Amino acid sequence: MPKSSFVDFKAVKAAIHMEQVLQHYGLSDQFKKSGDSLSGPCPIHKGSNPTQFRVSISKNIWNCFSECKHGGNVLDFIARMENVSIHAAALKAIEWFQLDPEAMSANSDENGEHPSEAPKNSTAPRPKPAFKPAPENNTPNKPLQFRLDKLDREHPYLKERGLTLETIIDFGVGYCGKGMMAERIAIPIHNPEGGVVAYAGRWPGEPAEDTPKYKLPQGFRKSLEVFNLDRAFKESADKPLVIVEGFFDCMILHQHGCKKVVALMGSSMSPAQEELIRQHTSASGHIIVMLDEDEAGQEAREEIAGRLAKFAFVKVYIFNKTSTRPEDLSAEEVQALIGGAL
Ligand SMILES: [Zn+2]
């Protein structure tokens, strides 16, 4: 048996946080933070009420007040999500979050504990788990073996967001009548090689309070992908790369002639996303960071620009009106921007 099979559950639990695990499952967007707690729909029983599942950040525990009617620690959560034992959940966590297997292995000679037992009420201090600050699982998202077909390309919501039929077809988006993204606008997400790795599902309109705006397939890690990257980098290296937050920002800018545009699918840039952008940027490459003019965007853009500036010439685009999003720019404004950026 490999040494890592004897898992020190306490060390694993101490090394990972519920927030990281939710992020791993691509669920961060569905959760609201308020003080010490995160609340959202229960990912275990796949509920929709946005307050039924709560996480205490400081205690690193969760509770489902609805169907599941129970809670637990971070390993209990992974075990439930994956439908595996606590032991298997700990091994997964070690792999996903790149924990040091040595530091996470229980030395059974020393404490005489059976590895599957809960830690005894020992108050002896344990060595702090050495874990690498890489809370990401870099196992690539696998390309899907299927395509959602019969998507309605003429759904009114698409028009409402300003997309032309040409853009709709170009990006392959459409309203999904049934299937995994039923009653949502399905947006295919491609990996850098151009394979479809997931569909994001946007609720067409303002969703009810208990319905998330976006749905992503379970297990899909959006932190490993950059939306539209596969196509953006087919554009000339001389053109600036525009980085936005959302799918619609990206599609609208593209429609307005700014073809070298990608979306982070949120207001943060993961290390894997940064690496993808770096790999595809030449030494003299220009990047324009254009996040939403809101609190999250304003907070994130300097940090993102700072990281990108290590390998490219970076500009931060600032809108002169708060709560403006890149998708609010007119075709003329976009043209002026990309024309003037070089
Ligand atoms: Zn539940």
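The values are calculated or read from the model by the stated rules, or taken from the named source; none is laboratory data. As the structure is a computational prediction, the values presented were derived from the model and not from experiment. As a convention, Cβ positions derive from the backbone with ideal geometry for all residues, glycine included, and neighbour counts pool all protein chains shown.
Tell me which residues, restricted to region 259-272, are crowded, with 22+ Cβ neighbours inside 10 Å and either modelled with pLDDT under 95 or not in a loop (DSSP other than H, G, I, E, B) (or both). The answer is V261, V262, A263.
Assess whether D292 counts as being part of a loop (DSSP other than H, G, I, E, B), under 29 Å from E160 (Cβ atoms) and not small (G, A, S). For D292, the condition - part of a loop (DSSP other than H, G, I, E, B), under 29 Å from E160 (Cβ atoms) and not small (G, A, S) - is met. Residues that are among the hydrophobic types (A, V, I, L, M, F, W, C), more than 11 Å from the chain's Cα centre (by Cα) and outside any strand (DSSP E or B) within region 195-226 comprise W203, A208, listed in sequence order.
Figure legend. Inter-residue proximity from region 37-48: first residues closer than 11 Å to C64 by Cβ and not assigned by TED's automatic domain parsing to the domain that holds A208, second residues in a strand (DSSP E or B) and near the ligand (Cβ under 8 Å from one of its atoms), beta-carbon distance below 6 Å, spacing 6+ or different chains. Indicated pairs: G40/F53; C42/F53; C42/C64. Here region 312-323 is the region considered, the condition is being over 14 Å from V289 (Cα atoms) and touching a residue at least 12 places away in the same chain (Cβ under 8 Å), and the residue that is farthest from the chain's Cα centre (by Cα) is K321.
For the list (1) over 21 Å from the mean Cα position of the chain (by Cα); (2) under 29 Å from L264 (Cβ atoms), I need the number of the one condition that A11 fails. Among (1) over 21 Å from the mean Cα position of the chain (by Cα); (2) under 29 Å from L264 (Cβ atoms), the lone unmet condition for A11 is (2). The lone criterion from (1) at pLDDT 90 or above; (2) over 21 Å from G219 (Cβ atoms) left unmet by K69 is number (1). Within this structure, G297 fails the test of being surrounded by fewer than 18 Cβ atoms within 10 Å (Cβ to Cβ) and not in a loop (DSSP other than H, G, I, E, B). There is at least one residue in region 240-247 that is part of a loop (DSSP other than H, G, I, E, B) and modelled with pLDDT under 95.
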